[in-house]
């Protein structure tokens, strides 16, 4: 009996989440970062969330691209309400953290230096940490405080977690390779595993 595609995807997402949880926890210990459990959980969710590439890329007249962080900041300044501003700031922080971590090597060859992502991401999380929030969201405010204060260190964590290991042709390897290279065969492999749900074209530019 063939497992339904939706079921396979949920299972693959759960496997990917467990994989990243193990990798993040090991990396934090190796780098001697005493992060709060909520921050560790946030990093795992971030990696899993952006495994669905449509969560990272947006369709533009030039094709699928990662939207410039400055555009998000402009929108945040003009946000209609606090919730919208919060969501935009969180998007800035999350994208900056993820891109700086996963694309660290390729950013060295880009006009926009990695320090740009450090600055934008740190500022966004700092702004989120400074906002007053309901009591039930205090834990998340603590996460933003920690991410802001140690942004570069957490970028290093993501870099270590998603670094391509040539001798480890596993799901993480495929995922990291697809994000960095946009290889069509890798895309097909990930799709067959149900690990990603991608737009029709791979993403080489960011």
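Values in this text are rule-based calculations from the coordinates and carry no lab data. The shown structure was predicted, so the numbers you read here are calculated from the model rather than taken from an experiment. Here the Cβ positions follow ideal geometry from the backbone for every residue, glycine too, while neighbour counts run over all protein chains shown.
Neighbour counts of C-beta atoms inside 10 Å place 145, 39 in the sequence 145, 39, starting with the fewest.
Please arrange 106, 132 by counting, for each residue, the other beta carbons lying within 10 Å of its beta carbon, fewest first. Walk me through the numbers before you get to the answer.
Values: 106 16, 132 7.
Taking fewest neighbouring Cβ atoms as first place, the list is 132, 106.
Residue-normalised convex hull volume from the C-alpha trace of the stretch 43-149: 117 Å³ per residue.
By counting other Cβ atoms within 10 Å of each Cβ, how are 30, 21 ranked from fewest to most?
By the 10 Å Cβ count, ascending: 30, 21.
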